[in-house]
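Notes to accompany the following structure.
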Amino acid sequence: MAGHYDSNPFAEEEVNPFADQGRGRGNSNYSGGAFYMPKPGSVPPANSKLLPLTHEPAGYDRGDTIDIPLDSSRDLKKKEKELQAKEAELTRREQELKRKEDAIARSGVVIEEKNWPPFFPIIHNDIANEIPIHLQKLQYVAFTSLLGLIGCLLWNVVAVTLAWVNGEGPTIWFLAIIYFISAVPGAYVLWYRPLYRAVRTDSALKFGWFFLSYVFHIAFCIFAAVAPPIIFKGKSLTGILPAIELLSGNALVGIFYFVGFGFFCLESIISIWVIQQVYMYFRGSGKAAEMKREAARSTMMAAL
C-alpha cells in the first residue's frame, strides 16, 4: 500500500487533445485529464474535462425552410371548386324535381307504378297503402272479382279446348280465346281501375263510370253461367245449358262444363255483392248528390 501513489485529482495538468484517449482508460485515476471517472460518492473536480457531445451534421441549417409544391394546393382548390359546382347542380335538380312533383300533385295526376304481380308487374295495385282503411275490404273483394273473372275465362278455354278435341269444331275455341284476351284487360280498364281511383280519390264521376261498366260485367257473368244457344249454340261458354247437352254425349267434357258453370255462378254472386257495397257507400257518403251537381255543371258548360 505504501508503494501505491495516487496523483492529486485537484492538481492542474496540461491536457493534450491529441494524446491517446484510449490509453489508461481501465484505470479509474487516469491522469491524462481528458477522461475522469470519479469514485462513488465523490465530487468531480472543477478542472475535469468531459468528452464533447456529438455535433450535428455539417450542412444542416436550422433556418432552412421546407419547400411545399404549390401544385398540390392548386389541385385542392380546383377539386373544391368542382365539388361546389356539382353540389350546386344537384341542388338545382332537386328543386326542379320538387317543383314538378308539386305541379303534378296540384293538378290531381297520380303517378302509378306497376307493381303487380310481383314476379312480372303489369298493373298498379297497392290497396294497403293507397286505399282508406274503411274501404280496403271492399277493394280487396273487387280485386278478387277481377281474379275470379280471369280464372273463369281461363277454365272456359280449357273446357272448350277439350270439347273441340272431341269433335265440336274449332269455332268455339277461337271464340273462347277472344273472350279471354278481350275481357281480362277490358275488366281492368273499364271497371276495376275506375273503382280503385274512385275509392282512392273519392271522385263521384269515377264512381259513376264504375257502375256503368260493372253492370255489363255482371250481365256477362250471368249470361256465361247460362250460355243460351244464341251464338254458335252457346258452346263457346261453359254454361249450364251446354253442360247438360254435352253430358249425355261425353261425360268428361260435360263435367268440365259443369265446373265452369259453377265458377261463373260464384263470380256473379261476388260481383253482385261488390256493386251493392259500392252503391251503399256511394249513397251514404253523399256522392250521388255530388255527381248530380257535377253532371249538371258539365251539361251547362257544354251548352255554353
query: Taking helices (runs of 4 or more DSSP H) that do not extend beyond region 104-200, which have at least 2 residues that are open to solvent by less than 40 Å² (accessible area, probe 1.4 Å), at pLDDT 95 or above and more than 24 Å from residue 255 (Cα to Cα)?
result: 136-163, 171-187
- prompt: Got a sec? Which of 222, 270 is at pLDDT 95 or above, open to solvent by 70 Å² or more (accessible area, probe 1.4 Å) and under 21 Å from residue 151 (Cβ atoms)?
  reply: 222
- line: residue 207: passes all of (1) open to solvent by less than 10 Å² (accessible area, probe 1.4 Å); (2) touching a residue at least 60 places away in the same chain (Cβ under 8 Å); (3) under 18 Å from residue 123 (Cα atoms); (4) not aliphatic (A, V, I, L, M) but (3)
Candidate set from region 225-240 (those that are under 19 Å from residue 269 (Cα atoms) and part of a helix (DSSP H, G or I)); member that is least open to solvent (accessible area, probe 1.4 Å): 225
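The values are calculated or read from the model by the stated rules, or taken from the named source; none is laboratory data. Keep in mind the model is a prediction, meaning the values are calculated, not measured. Note that we place each Cβ from the backbone using ideal geometry, even for glycine, and neighbour counts take in every protein chain shown. What goes into the accessible areas is simple: the full protein's heavy atoms, side chains included, and nothing from ligands, DNA or RNA. Shrake-Rupley method; radii C 1.70, N 1.55, O 1.52, S 1.80 Å.
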